[in-house]
Structure formats: C-alpha cells, structure tokens
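First the structure, in the form of structure tokens, and then the observations on it.
Read the figures in this text as sums done on the coordinates, not as results from a lab. Not measured: the values here are computed from a predicted model. Heads up, the Cβs are rebuilt from the backbone with ideal geometry, glycines too, and the neighbour counts pull from every protein chain shown.
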Amino acid sequence: MLGWAVTFLLIALIAGILGFGGIATASAGFAQILFFIFVILFVIAMVSNAVRGRAPRP
C-alpha cells in the first residue's frame, strides 16, 4: 500500500510539473489517503503484536 501511495505521489509531481493541475491534485489526494491508511494499519499491527506478546521475527 505504501508503494501505491508513492506511485500516486510521483504521478502528482509529474502532472504538477507539466501543468495538469486537476490530475496533480487528485493524485496527491489519493497518495495522502493511502499513506494515512498505511500508517493506521501499521499502528494496528504493532499494537496487536504487542498485545499478543510475540517477539518480532528476525
């Protein structure tokens, strides 16, 4: 999911450089939403792992 966020961020940057404001805004919005979803899922995974008491795998 983080890869998708980075992909949309790159699309937004390229579209912004080329002057496509609408596409840049939409892609940046998608990137931001995906990034926050990734962060939330990461925090949930860390909390659930801590609650179960398992050590992280090497």
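Some points to look at:
- Between helix 2-18 and the chain there is an angle of about 20 degrees, using the helix long axis and the longest principal axis of the Cα atoms.
- Stokes-Einstein, applied to the Kirkwood radius of the range 2-51 over Cα pairs at a viscosity of 0.890 mPa s and 25 °C, places its translational diffusion at 212 µm² s⁻¹.
- Label-point separation in nm, M46 to T7, each point 7 Å along Cα→Cβ: 2.6 nm
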